[in-house]
Amino acid sequence: MKTTIAEVRNYVGQEVTIGAWLANKRSSGKIAFLQLRDGTGFIQGVVEKAQVSEDVFQLAKRMTQESSLYVTGIVREDARSPFGYELSVTNLQLIHEAVDYPITPKEHGVEFLMDHRHLWLRSKRQHAIMKIRNEVIRATYEFFNNNGFVKVDPPILTGSAPEGTTELFHTKYFDEDAYLSQSGQLYMEAAAMALGKVFSFGPTFRAEKSKTRRHLIEFWMVEPEMAFYEFEDNLKVQEEYVSYIVQSVLKNCQLELKTLGRDTTKLENVKPPFARITYDEAIQLLHDKGFDDIEWGDDFGAPHETAIAESFDKPVFITHYPTTLKPFYMQPDPNRPEVVLCADLIAPEGYGEIIGGSERIHDYDLLKQRLEEHNLSLDAYKWYLELRQYGSVPHSGFGLGLERTIAWICGVEHVRETIPFPRLLNRLYP
Ligand code: 4AD
Ligand code: MG
């Protein structure tokens with residue numbers, strides 16, 4: 001019976017054949033232990049000299065790391081294996097012999113691993129992170145579909161810049177100028193006026209010269225946008241959504257979290273409601289913690305966000321930032337126009353801002369004024385302004401950075417490990 005490692009539980013006591021790679025191996029005179037992987041999981045194959053032909057035993061002993069093979073064996077339950085099963089091998093058939101696989105079980109430097117990302121992905125740790133990434137994406141679609149949202153796909157090639165003009169990737173679009181999307185938000189606002197509650201999931205691009213553990217040049221964003229939702233409604237969706245993906249990973253990725261050595265007690269806590277503090281309170285909190293330099297009107301850096309998050313055991317919303325710190329489209333607080341009805345969601349444990357969101361300006365004149373203040377072309381934003389001319393309604397939305405969220409859930413230090421092929425300041429290979 002041809003099957004996969006994930007399916008062997010259905011064949012205990014039976015003989016199965018699996019296409020696999022040899023991840024690692026130990027052998028002595030009479031026995032060889034093959035660590036096998038096939039993408040669906042990991043399993044140990046035990047080859048006993050007395051149970052197989054001499055050719056098969058010799059093959060087991062000389063087979064090199066990452067060689068590919070068909071392995072046939074009887075499935076046994078094995079309490080010692082993290083996976084719960086092992087294979088008593090009856091036959092091995094080499095498909096392709098790997099020579100000098102560069103990533104050995106010893107430690108390698110980060111740059112070396114990044115240069116070999118196409119192979120590094122095969123490691124147990126990277127496999128676990130990619131499985132968790134997949135679960136976060138799966139749970140995202142499930143959450144929004146269960147809650148009446150429609151998936152809408154905004155364009156990647158755009159003629160305008162929602163988050164400001166300094167971080168745009170420029171390209172030619174025949175005779176016109178175009179930019180790679182840094183956020184689908186403006187298009188999602190149009191979609192919300194057509195479909196009510198919408199969400200997008202796609203790649204976004206920022207030509208940021210930031211070289212930190214939180215910044216990618218190309219990253220994936222989940223962007224919901226909801227008609228008739230005001231500031232507080234927006235925060236409710238966010239805390240429910242973030243809790244949903246964390247609880248889904250806890251439920252469906254126990255093995256992967258264990259592989260990563262993640263302390264899951266901190267994740268179990270992640271349920272609504274999340275704390276909310278205003279920007280003003282955050283400044284006060286920072287002063288209390290000895291950050292004397294920061295003043296009202298300054299943006300928070302990574303150390304500030306980390307210090308604020310330390311006071312909470314779940315993600316925390318920082319609300320009502322100064323208008324001057326945020327993009328043109330955010331709705332000013334009617335009682336206090338120097339701040340906007342926005343919130344950043346800060347993850348615990350130093351992972352920083354995972355969501356940025358706000359209520360959007362829905363008044364035509366105010367939006368036009370804000371575009372002018374930001375020196376943005378009224379021509380380029382004509383269509384966006386028109387959304388405020390035909391049945392304009394209060395609406396809100398947010399963007400969740402997938403890789404930062406995964407870094408936090410997995411407990412990995414740097415976002416570069418949370419995306420299959422990271423695009424970083426100095427890296428476009430492989
Ligand atoms: O705060 P940002 O810039 O917000 C927006 O783009 C809004 N238009 C979203 C919206 O309201 N629809 O980005 C949103 C999130 C951040 O909180 C962060 O998690 C992530 O995107 N992000 C990055 N992740 C990795 N690398 C970068 N360079 C990132 N820049 C932002
Ligand atoms: Mg932001």
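In this structure, does Q58 turn out to be assigned to a strand (DSSP E or B) and outside the structural domain of S123 (by TED's automatic domain parsing)? Answer is no for this residue. Return a yes/no flag: does the range 330-344 have any residue that is at pLDDT 95 or above, touching a Cys at 6+ places or on another chain (Cβ under 8 Å) and aliphatic (A, V, I, L, M). Yes, some residue in the range 330-344 is at pLDDT 95 or above, touching a Cys at 6+ places or on another chain (Cβ under 8 Å) and aliphatic (A, V, I, L, M). Before we move on, is H215 surrounded by fewer than 15 Cβ atoms within 10 Å (Cβ to Cβ), on the phi < 0 side of the Ramachandran plot and at pLDDT 95 or above? No, not satisfied.
Yes/no matrix, rows are residues, columns are (1) within 16 Å of ligand 2 (Cβ to nearest atom); (2) of a type outside the set (D, E); (3) in contact with a Pro (Cβ under 6 Å, 6 or more places away or on another chain):
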residue	(1), (2), (3)
Y179	no, yes, no
T212	yes, yes, no
W220	yes, yes, yes
V246	no, yes, no
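Taking residues in the range 170-184 that are in contact (Cβ under 8 Å) with a residue 60 or more places away in the chain, and partners anywhere that are within 14 Å of ligand 1 (Cβ to nearest atom) and part of a strand (DSSP E or B), the pairs with Cβ atoms closer than 7 Å and at least 6 places apart or on different chains are S183/T204; S183/M221; S183/E223; S183/G399. Just one residue in the set E353, E372, E349 is among the charged types (D, E, K, R), surrounded by fewer than 23 Cβ atoms within 10 Å (Cβ to Cβ), more than 25 Å from V393 (Cα to Cα) and away from ligand 1 (no atom under 14 Å from the Cβ); that residue is E349.
Is it the case, given these coordinates, that A194 is part of a helix (DSSP H, G or I), over 22 Å from the mean Cα position of the chain (by Cα), away from ligand 1 (no atom under 13 Å from the Cβ) and of a type outside the set (D, E, K, R)?
Against the criterion (part of a helix (DSSP H, G or I), over 22 Å from the mean Cα position of the chain (by Cα), away from ligand 1 (no atom under 13 Å from the Cβ) and of a type outside the set (D, E, K, R)), A194 qualifies.
When S67 is tested against the conditions (1) closer than 14 Å to L22 by Cα; (2) more than 38 Å from the chain's Cα centre (by Cα); (3) among the hydroxyl-bearing types (S, T, Y), the lone failure is (2).
For the range 383-430, which positions are among the polar types (S, T, N, Q), within 16 Å of ligand 2 (Cβ to nearest atom) and not in a helix (DSSP H, G or I)?
Of all residues in the range 383-430, those among the polar types (S, T, N, Q) come to 389, 392, 396, 405, 418, 426.
From what's left, within 16 Å of ligand 2 (Cβ to nearest atom): 396, 405.
Result: S396, single match.
Just one of (1) within 11 Å of ligand 1 (Cβ to nearest atom); (2) more than 29 Å from Q389 (Cα to Cα) fails for K172. It is (1).
Being of a type outside the set (A, V, I, L, M, F, W, C) and more than 16 Å from T405 (Cα to Cα) is the filter here, so list the residues in the range 264-275 that pass it. Spell out how you get there, then give the answer.
Residues of the range 264-275 that are of a type outside the set (A, V, I, L, M, F, W, C), as a first pass: 264-266, 268-269, 271-273.
Passing the criteria: T265, P272, P273.
Considering each residue of the range 133-144 in turn, none proves to be buried (at least 19 other Cβ atoms within 10 Å of the Cβ), outside any helix (DSSP H, G or I) and more than 16 Å from the chain's Cα centre (by Cα). Can we say T165 is surrounded by fewer than 20 Cβ atoms within 10 Å (Cβ to Cβ), modelled with pLDDT under 95 and not in a loop (DSSP other than H, G, I, E, B)? Considered against the rule, which asks whether it is surrounded by fewer than 20 Cβ atoms within 10 Å (Cβ to Cβ), modelled with pLDDT under 95 and not in a loop (DSSP other than H, G, I, E, B), T165 comes out as no. M1 passes every criterion in (1) over 31 Å from the mean Cα position of the chain (by Cα); (2) at pLDDT 95 or above apart from (2).
The values are calculated or read from the model by the stated rules, or taken from the named source; none is laboratory data. The shown structure was predicted, so the numbers you read here are calculated from the model rather than taken from an experiment. Counting neighbours? That spans all protein chains shown, and the Cβs are built from the backbone with ideal geometry, glycine included.
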